Amino acid sequence: METLHPGTALRRKVEARRGLMVPGAANALAARVIEQLGFEAVYLSGAGLTNTFYGLPDLGFVGLADIAQHTAAIRDAVALPIIVDADTGFGNALNVRHSVRTLERAGANAIQLEDQASPKKCGHFEGKALVPTQEMAGKVRAAVDARLHPDFLVIARTDAATVEGIDAAIARAVAYAEAGADLTFVEAPESLDALRRIPREIACPQLVNVVIGGKTPTLAASDFSAMGFGMVLYANAALQGAVHGMQQALQALQRDGRLDESSGLVATFAERQALVRKSAFDALERRYA
């Protein structure tokens with residue numbers, strides 16, 4: 001049976017335009033959960049990393065070294081294709097080239113770049129500013145030229161929908177596709193009509209990002225698939241679920257003065273050790289003793 005390169009497998013799934021559902025991970029442990037549950041790819045979320053690593057909002061506080069470190073950790077933890085949120089590419093087109101080389105070496109199979117001016121903001125925040133279309137197109141060309149594996153995917157995101165309107169956002173995405181982007185990503189469309197237009201009016205496969213509580217309508221994956229989206233991203237569903245779970249467990253501890261496995265509020269000790277493959281390290285320890 002043929003074993004596909006993770007990037008090749010990801011490209012084929014996205015080009016099928018059947019709404020591949022991809023959860024985001026803020027760390028390697030979350031990526032392990034995503035793989036364990038049977039998802040077919042994982043997304044390293046810049047917002048999730050900023051929230052969990054620094055306890056800060058998604059306002060451009062992480063850098064390339066942070067992203068590369070966590071990409072490498074996730075690559076060691078899972079075999080899934082990894083899509084990496086690289087914000088604006090950390091500078092101009094030359095910086096984008098360096099970012100692609102760095103992140104591909106760290107284990108990424110796809111990189112997402114956006115057309116915000118630095119410092120960027122979460123796509124569902126107000127007050128964003130954009131770089132000119134041609135500047136972003138140059139970054140896309142630099143990313144395409146920099147990749148080593150032909151199936152390393154370049155995803156070009158535009159935040160123009162909430163700044164200049166959906167017509168401008170689609171026009172920008174078309175320009176980025178013409179510059180060589182494998183997928184484009186119109187962030188934060190706010191209506192069903194806008195969502196339907198995106199895969200219909202842009203030739204390359206499209207990504208839709210469902211931010212729970214954000215601007216984009218929350219639909220079933222089957223609905224996005226029927227519209228023709230290649231990927232349905234839930235960038236921070238796992239993070240929001242984890243925060244809720246921590247609050248529930250710790251509130252019970254605070255209220256009752258105790259917390260055990262029978263509460264149903266925590267994973268068991270055995271489940272936690274299985275997730276981090278403790279038994280495999282026990283076997284290695286015996287081997288090298």
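Can you confirm whether residue 187 is touching a helix residue (DSSP H, G or I) at 6+ places or on another chain (Cβ under 7 Å) and among the acidic types (Asp, Glu)? So residue 187 passes the test. Of all residues in the stretch 140-180, those that are farther than 16 Å from residue 104 by Cα and either crowded, with 23+ Cβ neighbours inside 10 Å or not assigned by TED's automatic domain parsing to the domain that holds residue 111 (or both) total 10.
Taking the stretch 10-40, which residues are assigned to a helix (DSSP H, G or I) and without any contact (Cβ under 8 Å) to a residue 12 or more places away in the chain?
12, the sole residue that qualifies.
Applying a threshold of 8 Å to beta carbon distances and a minimum spacing of six or more residues, or different chains, the list of pairs starting in the stretch 147-174 at a residue that is touching a residue at least 60 places away in the same chain (Cβ under 8 Å) and ending at one that is surrounded by fewer than 18 Cβ atoms within 10 Å (Cβ to Cβ) and assigned to a loop (DSSP other than H, G, I, E, B) reads 149/5; 151/5. Of the residues making up the stretch 268-289, not one is within 23 Å of residue 31 (Cα to Cα) and at pLDDT below 95.
What tally of residues in the stretch 234-274 results from selecting those that are among the hydrophobic types (A, V, I, L, M, F, W, C), free of Cβ contacts under 8 Å to residues at least 12 places away in the same chain and either touching a Pro at 6+ places or on another chain (Cβ under 6 Å) or in a helix (DSSP H, G or I) (or both)? Lay out the reasoning, then the answer.
Pass one, the stretch 234-274, residues among the hydrophobic types (A, V, I, L, M, F, W, C): 235, 237-239, 242-243, 246, 249-250, 252-253, 259, 265-267, 269-270, 274.
Narrowing the set further to residues that are free of Cβ contacts under 8 Å to residues at least 12 places away in the same chain leaves 243, 246, 250, 253, 259, 267, 269-270, 274.
Next, only the ones that are either touching a Pro at 6+ places or on another chain (Cβ under 6 Å) or in a helix (DSSP H, G or I) (or both) stay: 243, 246, 250, 253, 269-270, 274.
Looking only at that region, the number is 7.
Quick one: would you say residue 231 is out of contact with any strand residue (DSSP E or B) (no Cβ under 6 Å at 6 or more places or on another chain) and in the same structural domain as residue 78 (by TED's automatic domain parsing)? No: the conditions fail for residue 231.
Can you tell me which residues in the stretch 181-196 are surrounded by fewer than 17 Cβ atoms within 10 Å (Cβ to Cβ), of a type outside the set (Asp, Glu) and assigned to a loop (DSSP other than H, G, I, E, B)? If you could, list the steps in order and put the result at the bottom.
The first filter runs over the stretch 181-196 and keeps only residues surrounded by fewer than 17 Cβ atoms within 10 Å (Cβ to Cβ), leaving 190-193, 196.
Going one step further and asking which of them are of a type outside the set (Asp, Glu), we end up with 191-192, 196.
Answer for the stretch 181-196, where residues must be surrounded by fewer than 17 Cβ atoms within 10 Å (Cβ to Cβ), of a type outside the set (Asp, Glu) and assigned to a loop (DSSP other than H, G, I, E, B): just 191.
Only one entry in 51, 95 is under 16 Å from the mean Cα position of the chain (by Cα), surrounded by fewer than 24 Cβ atoms within 10 Å (Cβ to Cβ) and in a helix (DSSP H, G or I), namely 51. Between 111, 67, the distinction of being crowded, with 21+ Cβ neighbours inside 10 Å, touching a residue at least 12 places away in the same chain (Cβ under 8 Å) and under 30 Å from residue 274 (Cβ atoms) belongs to 67 only.
Within the stretch 197-208, identify whether any single residue is of a type in the set (Gly, Ala, Ser), touching a residue at least 24 places away in the same chain (Cβ under 8 Å) and crowded, with 18+ Cβ neighbours inside 10 Å, and answer yes or no. Within the stretch 197-208, none of the residues are of a type in the set (Gly, Ala, Ser), touching a residue at least 24 places away in the same chain (Cβ under 8 Å) and crowded, with 18+ Cβ neighbours inside 10 Å.
Among the residues of the stretch 70-92, what is the count of those that are without any contact (Cβ under 8 Å) to a residue 40 or more places away in the chain, out of contact with any strand residue (DSSP E or B) (no Cβ under 8 Å at 6 or more places or on another chain) and in a helix (DSSP H, G or I)? Residues that pass the stated criteria total 1.
Each row is one residue, and each column tells you yes or no for (1) more than 16 Å from the chain's Cα centre (by Cα); (2) surrounded by fewer than 16 Cβ atoms within 10 Å (Cβ to Cβ); (3) among the hydroxyl-bearing types (Ser, Thr, Tyr).
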{"site": "227", "(1), (2), (3)": "yes, no, no"}
{"site": "236", "(1), (2), (3)": "no, no, no"}
{"site": "260", "(1), (2), (3)": "yes, yes, no"}
{"site": "267", "(1), (2), (3)": "yes, yes, no"}
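All conditions in (1) of a type in the set (A, V, I, L, M); (2) under 30 Å from residue 199 (Cα atoms); (3) surrounded by 12 or more Cβ atoms within 10 Å (Cβ to Cβ) hold for residue 220, with the sole exception of (3).
The values are calculated or read from the model by the stated rules, or taken from the named source; none is laboratory data. Note that this is a predicted model, so its numbers are computed, not measured. Here the Cβ is made from the backbone with ideal geometry for all residues, glycine too, and neighbour counts use every protein chain on show.
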